Amino acid sequence: SWWRFKLVTDSSVAAPTAPEPVVPVDSLSGDWRLAPEAGALGVGPNQGDIGWWSNSADDVDTRYCLFDDVFSFNNDGSFAQSMDGVTWLETWQGVEAEGCGAPVAPHNGSNAATYAYDAEASTLTIVGQGAHIGLAKVTNQGEDGVATDNTIVYKVTELTASAMTLDVNFGDGGNHWRFKLVTDSSV
């Protein structure tokens with residue numbers, strides 16, 4: 001918690017004023033990663049429905065390079081991605097086959113990015129070229145990694161101190177990806 005104090009000289013005090021309210025630190029603040037479990041990421045025709053595809057328990061090992069990616073939400077509103085030099089790649093990124101490999105720009109975390117969490121609307125907005133949560137290909141416009149205005153809006157379906165579920169609509173009112181994250185310290 002942070003406290004703010006305002007000091008003034010006696011001669012400048014006209015009347016007592018109410019203190020400014022203390023604003024709580026953003027509840028997203030910290031490092032997050034995909035939950036290392038079956039169903040941590042999936043896709044389907046409706047929000048919350050991962051019936052078209054979802055990762056299996058074996059995928060957590062096969063795609064280890066995706067499950068160790070860290071998504072950092074800093075108190076100053078900046079957002080960062082850390083992939084430790086390797087992440088999950090797909091053929092749309094110019095590789096011959098899906099698998100672990102060196103991150104491909106601009107989805108490699110090298111560009112400055114920011115985030116905004118709106119608790120009332122239950123939305124998380126990421127802004128920055130190539131900035132993303134979960135899979136690099138998923139934007140609000142489709143599955144090609146190209147976000148209009150370098151912005152992706154996620155629906156925050158669940159948020160606790162150590163777990164977060166995000167849904168992202170990737171086109172035509174339907175078609176949703178779901179990403180379940182946990183705090184890096186809880187893994």
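The values are calculated or read from the model by the stated rules, or taken from the named source; none is laboratory data. Predicted model, so just to flag it, every value in this text is computed and none were measured. We place every Cβ from the backbone using ideal geometry, glycine too, and count neighbours over all the protein chains shown. These area figures cover heavy atoms from the full protein model, side chains too; ligands, DNA and RNA do not enter into them. Shrake-Rupley method; radii C 1.70, N 1.55, O 1.52, S 1.80 Å.
Details
- For the range 124-162, the set of residues classified as surrounded by fewer than 21 Cβ atoms within 10 Å (Cβ to Cβ) and not in a loop (DSSP other than H, G, I, E, B) consists of 125, 127, 148, 149, 150, 151, 153, 155, 156, 157, 158, 159, listed by residue number.
- Filtering the range 48-86 to residues that are surrounded by 14 or more Cβ atoms within 10 Å (Cβ to Cβ) and among the aliphatic types (A, V, I, L, M) leaves 50, 60, 66, 70, 80, 83, 86.
- Per-region count, the range 170-182, residues surrounded by fewer than 17 Cβ atoms within 10 Å (Cβ to Cβ) and not acidic (Asp, Glu): 3
- From the options 80, 121, 105, residue that is within 22 Å of residue 68 (Cβ to Cβ) and part of a loop (DSSP other than H, G, I, E, B): 105
- Close Cβ contacts (under 8 Å, 6 or more residues apart or on different chains) running from residues in the range 171-187 that are assigned to a loop (DSSP other than H, G, I, E, B) to residues that are open to solvent by 20 Å² or more (accessible area, probe 1.4 Å) and of a type outside the set (Gly, Ala, Ser) comprise 171/140; 171/141; 174/45; 174/46; 175/45; 175/169; 187/33; 187/36.
- Residue match in the range 44-52 (condition: acidic (Asp, Glu) and under 18 Å from the mean Cα position of the chain (by Cα)): no
- Yes/no for residue 96 being farther than 23 Å from residue 155 by Cβ and part of a loop (DSSP other than H, G, I, E, B): yes
Yes or no, residue by residue, for (1) touching a residue at least 24 places away in the same chain (Cβ under 8 Å); (2) within 10 Å of the chain's Cα centre (by Cα):
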site: 124; (1), (2): yes, yes
site: 128; (1), (2): yes, no
site: 133; (1), (2): yes, yes
site: 137; (1), (2): yes, no
site: 147; (1), (2): no, no
site: 151; (1), (2): yes, no
site: 155; (1), (2): yes, no
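- Qualifying positions in the range 164-180 - within 18 Å of residue 29 (Cα to Cα) and either touching a Ser or Thr at 6+ places or on another chain (Cβ under 8 Å) or of a type in the set (D, E, K, R) (or both): 165, 166, 179, 180
- Candidate set from the range 87-123 (those that are open to solvent by 60 Å² or more (accessible area, probe 1.4 Å) and among the β-branched types (Val, Ile, Thr)); member that is farthest from residue 138 (Cα to Cα): 114
- Qualifying residue in the range 132-142 (condition: more than 25 Å from residue 39 (Cβ to Cβ) and modelled with pLDDT of 95 or more): no
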